[in-house]
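Notes for the one structure printed next.
The values are calculated or read from the model by the stated rules, or taken from the named source; none is laboratory data. Quick caveat: nothing in here was measured; it's all calculated off a predicted structure. Counting neighbours? That spans all protein chains shown, and the Cβs are built from the backbone with ideal geometry, glycine included.
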């Protein structure tokens, strides 16, 4: 790919000689044939030492090679990297796939070996199902959606368009619903609800989204779930919310739109977060959270409040330790 | 299904006109053709606004439609929902399954495509193995047990009757056993033990139960494990205990019978909980727990004690913050 | 296997009569036909009550049966158990596997049914791929490596020799990389990097290792990852480090060599741990950690410091509770 083409694609200005670049790599590993990008000025020193042949940046004169000048490198980051993404272009249905006759399969699909598709399933145009995927009865997979190897979709699941589910994802397993009986044992409550997933949802490897009990579990448009996330039954994840790895959303929880959760955030059930909530790593949410709140700790409370309390507490403890040290010396 | 039939099945009393209902749905989403259920009086307002055509409840006169009156709706909840559960009734062995000749397969089984069954395996009557399941050498699967897509069962595993394992479950992977050698590297200790699982055990999606090292990992009758749970090697989970999502039981741990763990509870190894122990969310258990204790915190201690200490502590910190505020004003 | 042979293999001294033993089992479950081992003197009473026919130990006269005397039982533990490990010796390629013609397959491999191998893949001698494994385009699997059922390897992944990946492992799924756009939605940043995994790496069931974005995710020689571990994109795990179950390493994190993490340790991204770091269970690492440090807590700080502060704090709280008790009585 030529730098001049890249500059054009990202609305940048090429400074220096035009050249072919092989790929884009980070500042520390890019070589002469590569493009690199400076996303943040704090990495300026690293950028100056980069061996890259060309750089996307806001500042001139960083490296000896060529540059593509843009106002805000972060704003063009995704687009720039996408230029180098080699998409898998295979199409067709493997002879080793097992697809029920009573299905509707769109055009230009790729269905790999050892994929099982049950009766009543509808698969949209351009869908890609990698080996070992199973899709249960009457489920619907929207146009352009990709399910990587060994994804398990149960029956009656609705998946929107242009979603990406990574390997090992499970959608539609029974929610964890049991009632104690008179013998103190657990009776299973069958889980009759669906899972409904919007468009442009990405779900990370080995993440689980349970089906609802008497209503549906809903994941709205644009939601991003990282790896090993748990979404309990009847839960609702509002549009464009992002949950990092190992988050666990209990049953019957409503997460608002545009929420952003760092890693290992958990909730108890039957609560609601507002829109634009930010939860720091390991936050344990135990009650409703208002719009726009930044929270931390377990139980979760406003970030600033928790930080002040934690600082005060550490000061109190350190003072006590120092007093006891003096006492001991004084004896 | 007719209301009169449902009333009969759950020992309830039909008040109002008999009608056909399509399914059972929750108070907020049920429509005219649906049945709903009021499990708890705190949802009475929601029930009054329900559009459901019929309701199972203890109180009369909630909705305009018909009702099935029962003393305790929660006690009939599982049974009521089960009436509407459409079981998968497919049977037979797919031509795309690969089953070793030296196996014993019961009657009325369903073995889906791309299922691999190794030599020496015994599969009981009515077992259902969905696509992508693998069952290793000499393992035994009891009558009526269901393994959903992409479940992996290693060799020498014993699974009881009427169990349900959801997609992605792994039973019998090697326990995490290593010894440091003189080069400070890790030598693998082979894991020779089995996993033995009782009857009526349900295991959630992507949960892992490791095989034992020199003894067996044991999951007793009626245990319910949620999604993404980890059970370490040589551990023992007592009958009818229930572990919510993301719980992690370390190796060589004994969990007593009728325990109930909320989400994300962890244990260190080589400890024992009594019977009827309740652990709140995120409890980290570091030593033995007596029968009937309710615990919380990390390290886990009795619930009441921890709550009192936490309240006292917050009061101390708030007082200090308020004093400092006054000091600053006074300056 | 004869005790005399075992004694020879582990450089031990046979005391008592030579005999055949069937297997090795732990002190509490071993029977007359079994060997057992006393790893730690604290289990001496248990050893004395063992029904084992023979024991590996440092002290004489523990049981009535034979013994193999060794200086340090723990040092020969892995080797002793390995003598009883029955390896799977199947070889060949199943007719139900789907292997692209443009691949290089070594000698003495075992490729089970329903394994998918894409174009450009190189598979070394003695590799074992169990049912449901998929290996993406241009990936390389080194000699002697074993991938158990339903492991998913994406494209362009490099795996060293003699590795063991347990069922459900996912290597090479996209890292969690998104940029907010002007509509407050998330644009995907394609993940172009590889995953490079060294020799003798063991990865537990359902663990996920994401591919890098503009550089590679690297797992060095001898690393051991337990079940349900998350390794974010661009991260680096130094040689012979060991991470227990449910650990979550955020993106762009560098874990030094010979680190040892207990269960549920997490890190935020863009930090570095030194060599020989030990992290206690549930530690949350938020900044760089120097060589040789033992850490605990969240945020992680030196073990001793945290323990002293926690003890001081509990003393302060208990004192306050007791004072308040007295106040109330005094009223």
Residue by residue through the stretch B:100-121, note down the ones that are surrounded by 22 or more Cβ atoms within 10 Å (Cβ to Cβ) and away from chain A (no Cβ under 14 Å).
-> B:117, B:118, B:121
In the stretch A:211-224, residues that are within 11 Å of chain B (Cβ to nearest Cβ), surrounded by 24 or more Cβ atoms within 10 Å (Cβ to Cβ) and either touching a residue at least 40 places away in the same chain (Cβ under 8 Å) or in a strand (DSSP E or B) (or both) total 0
Run residue A:274 past the list (1) at the interface with another protein chain (Cβ under 8 Å from one of its Cβ atoms); (2) modelled with pLDDT of 95 or more and report the number of the one that doesn't hold.
-> (1)
What is the residue count in the stretch A:181-196 for residues that are touching a helix residue (DSSP H, G or I) at 6+ places or on another chain (Cβ under 9 Å) and either in a loop (DSSP other than H, G, I, E, B) or surrounded by 24 or more Cβ atoms within 10 Å (Cβ to Cβ) (or both)?
-> 6
Regarding residue C:264, is this residue in contact (Cβ under 8 Å) with a residue 60 or more places away in the chain, assigned to a loop (DSSP other than H, G, I, E, B) and either touching a strand residue (DSSP E or B) at 6+ places or on another chain (Cβ under 7 Å) or within 14 Å of chain B (Cβ to nearest Cβ) (or both)?
-> no
Considering only the stretch B:63-88, how many residues are at pLDDT below 95, away from chain A (no Cβ under 11 Å) and out of contact with any strand residue (DSSP E or B) (no Cβ under 6 Å at 6 or more places or on another chain)?
-> 1
For the subset of the stretch C:122-143 comprising residues that are within 13 Å of another protein chain (Cβ to nearest Cβ) and in a loop (DSSP other than H, G, I, E, B), which member is nearest to residue B:99 (Cα to Cα)?
-> C:131
State yes or no: is residue C:112 over 30 Å from residue B:250 (Cβ atoms), without any contact (Cβ under 8 Å) to a residue 40 or more places away in the chain and out of contact with any strand residue (DSSP E or B) (no Cβ under 8 Å at 6 or more places or on another chain)?
-> no
Quick one: is residue B:95 within 11 Å of another protein chain (Cβ to nearest Cβ), exposed (fewer than 13 other Cβ atoms within 10 Å of the Cβ), more than 28 Å from the chain's Cα centre (by Cα) and not in a helix (DSSP H, G or I)?
-> yes
Index of the failed condition, residue B:33 passing every other in (1) under 19 Å from residue A:194 (Cα atoms); (2) away from every other protein chain (no Cβ under 14 Å); (3) not in a loop (DSSP other than H, G, I, E, B) = (3)
Would you please list the contacts, defined by Cβ atoms under 7 Å and residues six or more apart or on different chains, that run from a residue in the stretch C:306-322 that is on the phi < 0 side of the Ramachandran plot to a residue that is not in a helix (DSSP H, G or I)?
-> C:306/C:296; C:306/C:297
Does residue B:199 satisfy the condition of being part of a loop (DSSP other than H, G, I, E, B), in contact (Cβ under 8 Å) with a residue 12 or more places away in the chain, within 14 Å of chain A (Cβ to nearest Cβ) and at positive phi?
-> no
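Yes or no, residue by residue, for (1) closer than 30 Å to residue B:41 by Cβ; (2) buried (at least 18 other Cβ atoms within 10 Å of the Cβ):
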| position | (1), (2) |
| --- | --- |
| B:85 | yes, no |
| B:89 | no, no |
| B:124 | no, yes |
| B:134 | no, yes |
| B:144 | no, yes |
| B:148 | no, yes |
| B:160 | no, yes |
Look at residue C:28 and say whether it is out of contact with any helix residue (DSSP H, G or I) (no Cβ under 6 Å at 6 or more places or on another chain) and either surrounded by 13 or more Cβ atoms within 10 Å (Cβ to Cβ) or assigned to a loop (DSSP other than H, G, I, E, B) (or both).
-> yes
Select from the stretch C:225-253 the residues that are surrounded by fewer than 24 Cβ atoms within 10 Å (Cβ to Cβ) and assigned to a strand (DSSP E or B) and write down the one among them that is farthest from the other protein chains (Cβ to nearest Cβ).
-> C:236
Kindly establish whether residue B:57 is without any contact (Cβ under 8 Å) to a residue 24 or more places away in the chain, more than 14 Å from chain A (Cβ to nearest Cβ) and surrounded by 15 or more Cβ atoms within 10 Å (Cβ to Cβ).
-> yes
Residue by residue through the stretch C:1-25, note down the ones that are away from chain B (no Cβ under 14 Å) and in a loop (DSSP other than H, G, I, E, B).
-> C:12, C:16, C:17, C:18, C:19
Give the residues of the stretch C:292-323 that are within 11 Å of chain B (Cβ to nearest Cβ) and more than 27 Å from residue A:307 (Cβ to Cβ), sorted by residue number.
-> C:322, C:323
In the stretch C:156-180, anything assigned to a loop (DSSP other than H, G, I, E, B) and at the interface with another protein chain (Cβ under 8 Å from one of its Cβ atoms) is listed as C:166, C:167, C:168, C:173, C:174, C:176
Hey, does the stretch B:32-41 have a residue that's more than 15 Å from residue B:8 (Cα to Cα), out of contact with any helix residue (DSSP H, G or I) (no Cβ under 9 Å at 6 or more places or on another chain) and touching a residue at least 40 places away in the same chain (Cβ under 8 Å)?
-> no
